Amino acid sequence: MRANSLALRLFVSATAWAVIILLITGIVLSSLYRQAVERSFDRRLGVYLRTLVADVAAPEEDKSPQALGEPLFELPLSGWYWQITRLDPGKPDLRASRSLWDGGLPHLEDQGVAPAPDGSRQGYVTGPEDQKLRLVERNIDLGDEGRYLVAVAGDAAEITDEIRAFDQALMATFSILAAVLLLTTMFQVRFGLAPLKRITDSLTAIRSGNAERLTGDFPVEIAPLARETNALIDSNKEIVERARTHVGNLAHALKTPLSVIVNEAASRPGDPLASKVQEQAAIMRDQVARHLERARIAARASVVGSVTEVAPVVEALARTMEKIHRDRGITVDVKLPDAIRFRGERADLEEMLGNLVDNACKWATSRVAIEVLRERRDLDSGEQVVRLTVDDDGPGLSPAEREQVALRGRRLDETKPGSGLGLSIVVELAALYGGELKLGAAPIGGLRAELVLPAA
């Protein structure tokens, strides 16, 4: 992939989005899994907590809460602890698991942790030997028998280890998935842009003389491009053949008179007039050859314009655009007198006006207005021009944008992404006919495009 290529842009954009989506998905999944592990761990601690609460609330005074069915509560500093604290003033009482040894558990209530709907609190604390613990505690009120705070804590390393293992597996899975997505994206880009590469190769073959037309089946998105390119090639061939025919006819038409003049002059040797005629005939032959060659070159570059009726082109474009934008309710108002003719090819007029009307319809809110006038170019000139004005009620362009577009012939879609209007084509075609394109503010609120072309 070359720099500034369409393939590279598609690949980079697709890759960037894939990486962003995978990162966000990985973060979300890791967070959800952490919450699930913590809930599971809290449920385990909650079982021990309810057992302790039941032991404390039991009427038997000698009931001991030591037997919870978990040997880790008996091992010193094992990371699993329970603690019962009496909260009544003046009646301090503290009972704890043997694993706490001579230490104690902090209170989540003192750390500002809000209770859950069932009255319990969950959170992380630092226990003996700076162990990170997951702790669940609950206040119980036994009335005359006192108020107690029952707490159970478990080693948070189990949560951390389980989440770390999940994150590692998730990272490995997503890395493989990212690699597969990158390869798939590369294949899709190459496969999707392969027809454009075929067109490029075919155009290169045409330019080098190895082919005459674009051949083969193309996708529906670029089939019109192939058809229009073949039509342009055929048109250029017809123009060149027509120019060659005219040039050949002119060459034959001039060849005989010049030969007669030269022969007549040659039959009079020594005559100064005959020598002068021979000299001028040779110059004439050279000038004719030079200008005929220029005509051949010009014929390859452009087509001699014809006369086109403006009204049918404008009305056809208005009907077409209304049909295309029917779902948006766009109306195209046309105001033009009859018998206005443009001195140029019909296809060129359709190209220029079609781009302007299409752009107006794309940006219009509800209305597009087309007006055609025949007038003098200026007060000091008698040259007649056709002025085609296209207004829309869309957002329009700022004065700086209008000046940039009008002066440089820059495409409007580079100024406002997604518009799809080739103003450079309009500017260049108008310049070939000695016309111009002006942009301004429309009276109905949007952009006004004025196309001035020579009248017939």
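The values are calculated or read from the model by the stated rules, or taken from the named source; none is laboratory data. Treat the numbers as computed from the prediction; the structure is a model and nothing was measured. Every residue, glycine as well, gets a Cβ built from its backbone with ideal geometry; the counts of neighbours run over all protein chains shown. Heavy atoms of the whole protein, side chains included, go into the accessibility calculation; ligands, DNA and RNA do not. Shrake-Rupley method; radii C 1.70, N 1.55, O 1.52, S 1.80 Å.
Across region 345-379, the qualifying residues are those that are in a helix (DSSP H, G or I) and among the small types (Gly, Ala, Ser), and the one among them that is farthest from the chain's Cα centre (by Cα) is 347.
Could you tell me whether any residue of region 413-423 is modelled with pLDDT under 85, closer than 15 Å to residue 349 by Cα and open to solvent by less than 70 Å² (accessible area, probe 1.4 Å)? There is at least one residue in region 413-423 that is modelled with pLDDT under 85, closer than 15 Å to residue 349 by Cα and open to solvent by less than 70 Å² (accessible area, probe 1.4 Å). Of all residues in region 121-151, exactly one satisfies the criterion of being exposed (fewer than 14 other Cβ atoms within 10 Å of the Cβ) and small (Gly, Ala, Ser), namely 143.
Residues considered: 59, 76. Of these, the only one that is at pLDDT 85 or above, open to solvent by 30 Å² or more (accessible area, probe 1.4 Å) and not in a helix (DSSP H, G or I) is 76. The set of residues in region 232-286 that are assigned to a helix (DSSP H, G or I) and charged (D, E, K, R) comprises 234, 237, 238, 241, 242, 244, 255, 264, 276, 279, 285, 286. Taking the conditions exactly as written (exposed (fewer than 12 other Cβ atoms within 10 Å of the Cβ) and in a helix (DSSP H, G or I)), does residue 185 satisfy them or not? Considered against the rule, which asks whether it is exposed (fewer than 12 other Cβ atoms within 10 Å of the Cβ) and in a helix (DSSP H, G or I), residue 185 comes out as no.
So that you can scan it fast, the table gives a plain yes or no per residue for (1) within 24 Å of residue 347 (Cβ to Cβ); (2) of a type in the set (Val, Ile, Thr); (3) at pLDDT 80 or above; (4) surrounded by 14 or more Cβ atoms within 10 Å (Cβ to Cβ):
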position: 214; (1), (2), (3), (4): yes, no, yes, yes
position: 225; (1), (2), (3), (4): yes, no, yes, yes
position: 244; (1), (2), (3), (4): yes, no, no, yes
position: 253; (1), (2), (3), (4): no, no, no, no
position: 266; (1), (2), (3), (4): no, no, yes, no
position: 269; (1), (2), (3), (4): no, no, yes, no
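Against the conditions (1) in a helix (DSSP H, G or I); (2) at pLDDT 80 or above; (3) of a type outside the set (Phe, Trp, Tyr); (4) open to solvent by 80 Å² or more (accessible area, probe 1.4 Å), residue 220 satisfies every one except (1). State which residue pairs qualify: first residue within 14 Å of residue 125 (Cα to Cα) and inside region 95-110, second residue among the β-branched types (Val, Ile, Thr) and surrounded by 17 or more Cβ atoms within 10 Å (Cβ to Cβ) in any location, beta carbons under 8 Å apart, and separation of 6 or more residues or different chains. Pairs found: 105/125; 106/125; 107/85; 108/125.
No other residue among 357, 332 is among the aliphatic types (A, V, I, L, M), touching an Asp or Glu at 6+ places or on another chain (Cβ under 8 Å) and touching a residue at least 12 places away in the same chain (Cβ under 8 Å) apart from 332. Figure legend. Inter-residue proximity from region 221-237: first residues within 12 Å of residue 206 (Cα to Cα), second residues part of a helix (DSSP H, G or I), beta-carbon distance below 7 Å, spacing 6+ or different chains. Indicated pairs: 233/206. Taking residue 285 and the conditions (1) under 28 Å from residue 355 (Cβ atoms); (2) at pLDDT below 85; (3) of a type in the set (D, E, K, R), which numbered condition does it fall short on, given that it satisfies the others? Going through (1) under 28 Å from residue 355 (Cβ atoms); (2) at pLDDT below 85; (3) of a type in the set (D, E, K, R) one by one, residue 285 breaks only (1). Among the residues of region 360-384, write down those that are of a type outside the set (Asp, Glu), free of Cβ contacts under 8 Å to residues at least 12 places away in the same chain and open to solvent by 50 Å² or more (accessible area, probe 1.4 Å). Passing the criteria: 376, 379, 382. Of all residues being among the β-branched types (Val, Ile, Thr) and more than 15 Å from residue 45 (Cα to Cα) in region 79-120, which is least open to solvent (accessible area, probe 1.4 Å)? Just the residue, please. Top of the filtered list is 85. More than 19 Å from residue 124 (Cβ to Cβ), loosely packed, with under 13 Cβ neighbours inside 10 Å and in contact (Cβ under 8 Å) with a residue 40 or more places away in the chain, is that true of residue 171? It is true that residue 171 is more than 19 Å from residue 124 (Cβ to Cβ), loosely packed, with under 13 Cβ neighbours inside 10 Å and in contact (Cβ under 8 Å) with a residue 40 or more places away in the chain. Do the conditions hold for residue 8, that is, is it surrounded by 13 or more Cβ atoms within 10 Å (Cβ to Cβ), touching a residue at least 60 places away in the same chain (Cβ under 8 Å) and part of a helix (DSSP H, G or I)? Criteria not met by residue 8.
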